[in-house]
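Notes follow the structure.
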Amino acid sequence: MTHGFAYNVLSLGVPFSVALLLASLGEMFNQRAGVFNLGCEGIMCIGAFLGFLPAYFLKGGAMAGYGNLLGFVLAMAAGVLLGLLFALVTVTFRAEQGIAGIGLQMLGWGVAGTLFRHFIGGVTGVDGVASWAIPGLSRIPWVGGILFNHNPVVYLAFALVPASWYLLFKTPWGLKVRAAGTEPRAADSMGINVNRVRYQALMLGGAMAGMGGAYLSLCQAKMFADDLVAGRGFIAVALVYFGRWSPWGIMGGALLFSLAQSLQLAIQVGGIKFPYEFAVMLPYVLVILVLAVARKARMRGPSHLGIPYNREMRY
Amino acid sequence: MNKFKLAYGFTIILIATLAAAGAAALVLKAIGADPWATFVTIFTGPFQDVFGITEILVRAVPLTLVALGIAIAFRSGIINIGAEGQMLMGILAATGMAISFPLWPKAVLLPMVILAGAVGGGLWASIAGSLRAYLGVNEILSTVMLNYIAVQFYTFFLRGPMIDPAELETGSGTPQSVRLPESAILSKLVPGTRLHTGLILALVLAVVVYFFLWHTTWGFRLRAAGAEPKAARYAGIHVERSLVTAMVLSGVFAGIAGAVEVSGVHHRAIEAISSGYGFAGIVVALFGALHPAGIIPAAVFFGLLLVGADMTQRSAGVPANMILVLQGVLILAIVSAKMYLNNAYAQERAYRLFTRLTGKSDATVKTGGQS
């Protein structure tokens, strides 16, 4: 496999982007509906842990083949539940979303860490999801290895990009979501139940964040550790700003980030001297820069992002 | 009605706390621990000896300092999640100051160490503050990112430029600095324990924050900009500048917390020194209603929880991460409860229900304006 530097960077970068992409697409639905869910990080932590758990327990047993699937189902179910919890707090109780998100993040961290210490204890690997080369396409020289030789979840995640675009812009439900985030009062007067739409969007977003977490533990790292998620949930939130609340923009942002990450890995493997800590810092610095540059984009964002809807109040 | 108002607020906080305890109990059940026994250990364990009691206060000191800073920021309309990183930067600056001038007398060096911590934390926070005020960068996201960056920065210094030369000689390579000179160390308050004079500093600063926020023009400007930025701008308050000021002050307090922690407890910069105080401080600030008079008891309460959680980890094998669960649920419960606390309508309905149930009638019910 001597394909050269660019090949290595690209073929690593594509699967790296998936966890960010999934969580970020979910967060896009949240924010389009008007809810800023910083708890994404916590949901990903729990998703990563629950995704890992069945594969760990079924390892080597007769049911081992179902471990991964069960993991994804569990992670998504937990994501829906946590989305529901966040909806209860921010939609029904109209709590301040930023702080509530930090609460959810701490809850997710704590639960995943506690359960991990009790059930597993130390770092153990699982087989994870094997890659599946698409017949024919993966034989294309160079490009085939970069795009068509990954695990099935990668293909699914990229298929979800046009699917999310369709759902958001071409279906009645997508219109309701956008209305709830932009003009909730008008939406309400047209008979749309704003709070119900926000609940639904948060549950969908939770499921996708859970799936992103399970991807991290089952497909990317093939193990679970306390700091596995390492702020990817927050980066996913930032990517929504960067991608201007559109699935295509978000995909671009996720790829940009993962390529930066794989580039950094490739440079380190290549033996160029660079303090390790500064390399790890890079994506976080990038987030801040991206947010500073994406300033103008905010004008085009959902205008009622972060504002709880209260039917009984004028504002 | 005033008595009722107090009881109403108290009941809501109580319900929120019970909800949080219930959620924590669920997690405890999931790992096969006895929730009741665990809670009893957490709340009574630390009181068994003098050392336990002083440990509560040792934890309460950084919690108070961090929470005071967070309260300033929240009151001024800017959310600071970055206390963890600001603490680390404060520790770096304080340690650097202490080991650079070991020969200075204590009366000079110790204040300079604390001051260095304050400057370190304040400078780090000013990044997030200016990004928010002048480029509109969401401060929650930027402070979270700055936390991750600060951790890396901190470990870089501990592994490289600041590492104890003895660690390199023996080859163990533990990332830690040399021990601070004796003249940079806060004296003990109770001999034989870890309780240090930082406690007094924390209490004094709590009073200072109270006077600053409620009895100075500067403090009023900050609170006005936080409560109603548009109105504040019409009144001639420079809102952007006050956002940066608030964030910097918030960082200053986190930095002081770091300096006090390194100079009072650990006596050298080590890894994982902030041990989650930056996040716990958010809960303490919210639980203390963003007021110094509430923050001090809240900090003692959370100090108790932290010490108790360590004890259950040792005695019952319940992971200390449990405390994060409790903190997370508490945040969710408190922000949810706010709707009922500040809502005059909900309060009045509860009052009517109360009078109907008790049979007391009060025709002239007066509640505050809609907030």
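Brief remarks follow.
- For segment A:286-315, a residue qualifies if it is surrounded by 16 or more Cβ atoms within 10 Å (Cβ to Cβ), at pLDDT 80 or above and among the hydrophobic types (A, V, I, L, M, F, W, C), and the qualifying residues are A:L286, A:V287, A:I288, A:V290, A:L291, A:L305, A:I307.
- For A:V129, the conditions (1) hydrophobic (A, V, I, L, M, F, W, C); (2) at the interface with chain B (Cβ under 7 Å from one of its Cβ atoms); (3) out of contact with any Phe, Trp or Tyr (no Cβ under 7 Å at 6 or more places or on another chain) all hold with the exception of (2).
- Hey, A:L256 out of contact with any His (no Cβ under 9 Å at 6 or more places or on another chain), within 14 Å of chain B (Cβ to nearest Cβ), of a type outside the set (K, R) and part of a helix (DSSP H, G or I) or not: no
- Filtered residues of segment B:112-153 (kept if in contact with a Phe, Trp or Tyr (Cβ under 8 Å, 6 or more places away or on another chain) and either within 13 Å of chain A (Cβ to nearest Cβ) or part of a loop (DSSP other than H, G, I, E, B) (or both)): B:N138, B:L141, B:V144, B:M145, B:L146, B:Y148, B:I149, B:A150, B:Q152
- Entirely in segment A:120-212, the helices (runs of 4 or more DSSP H) that have 1 or more residues that are in contact with a Pro (Cβ under 8 Å, 6 or more places away or on another chain) and within 30 Å of A:M63 (Cα to Cα): A:152-170
- Residue list for segment B:268-286, filter: within 12 Å of chain A (Cβ to nearest Cβ) and among the aromatic types (F, W, Y): B:F279
- Positions within segment B:1-60 being within 30 Å of B:H267 (Cβ to Cβ) and loosely packed, with under 13 Cβ neighbours inside 10 Å, in sequence order: B:Q48, B:D49, B:V50
- When A:P54 is tested against (1) away from chain B (no Cβ under 14 Å); (2) modelled with pLDDT of 90 or more, only condition (2) is not met.
- If only residues of segment A:89-115 that are more than 21 Å from the chain's Cα centre (by Cα) and more than 7 Å from every other protein chain (Cβ to nearest Cβ) are counted, the one that is nearest to A:S217 (Cα to Cα) is A:V91.
- Summed over segment B:287-316, the residues that are more than 11 Å from B:L63 (Cβ to Cβ) and touching a residue at least 60 places away in the same chain (Cβ under 8 Å) give a count of 11.
- Subset of segment B:283-295 that is assigned to a helix (DSSP H, G or I) and out of contact with any helix residue (DSSP H, G or I) (no Cβ under 6 Å at 6 or more places or on another chain) - its residue that is surrounded by the fewest Cβ atoms within 10 Å (Cβ to Cβ): B:A293
- Single unsatisfied condition, A:F119 versus (1) of a type in the set (F, W, Y); (2) under 19 Å from A:M251 (Cα atoms); (3) within 14 Å of chain B (Cβ to nearest Cβ): (2)
- Where a residue in segment A:118-147 is without any contact (Cβ under 8 Å) to a residue 12 or more places away in the chain and its partner, wherever it lies, is in a loop (DSSP other than H, G, I, E, B), with Cβ under 6 Å and at least six apart: A:H118/B:I31; A:L137/A:F148; A:S138/A:F148
- Number of the condition not met by A:F274 [criteria: (1) within 14 Å of chain B (Cβ to nearest Cβ); (2) among the hydrophobic types (A, V, I, L, M, F, W, C); (3) part of a helix (DSSP H, G or I)]: (3)
- Enumerated helices (runs of 4 or more DSSP H) restricted to segment B:1-96, each holding at least 3 residues that are touching a helix residue (DSSP H, G or I) at 6+ places or on another chain (Cβ under 8 Å), at pLDDT 90 or above and not aromatic (F, W, Y): B:50-75
- Test: B:I140 is surrounded by 18 or more Cβ atoms within 10 Å (Cβ to Cβ) and at pLDDT below 95: yes
- Filter result for B:Q370 (polar (S, T, N, Q), over 30 Å from B:L304 (Cα atoms) and at pLDDT 75 or above): no
- Against the test of being at positive phi and in contact with a Leu (Cβ under 9 Å, 6 or more places away or on another chain), the options B:G85, B:G77, B:G32, B:G69 yield a single qualifying residue, B:G77.
- When A:L81 is tested against (1) more than 8 Å from every other protein chain (Cβ to nearest Cβ); (2) out of contact with any Ser or Thr (no Cβ under 8 Å at 6 or more places or on another chain); (3) more than 30 Å from B:I12 (Cα to Cα), exactly one condition is not met: (3).
The values are calculated or read from the model by the stated rules, or taken from the named source; none is laboratory data. Source: prediction; values computed, not measured. Cβ coordinates were reconstructed from backbone atoms using ideal geometry, including for glycine residues, and neighbour counts include every protein chain displayed.
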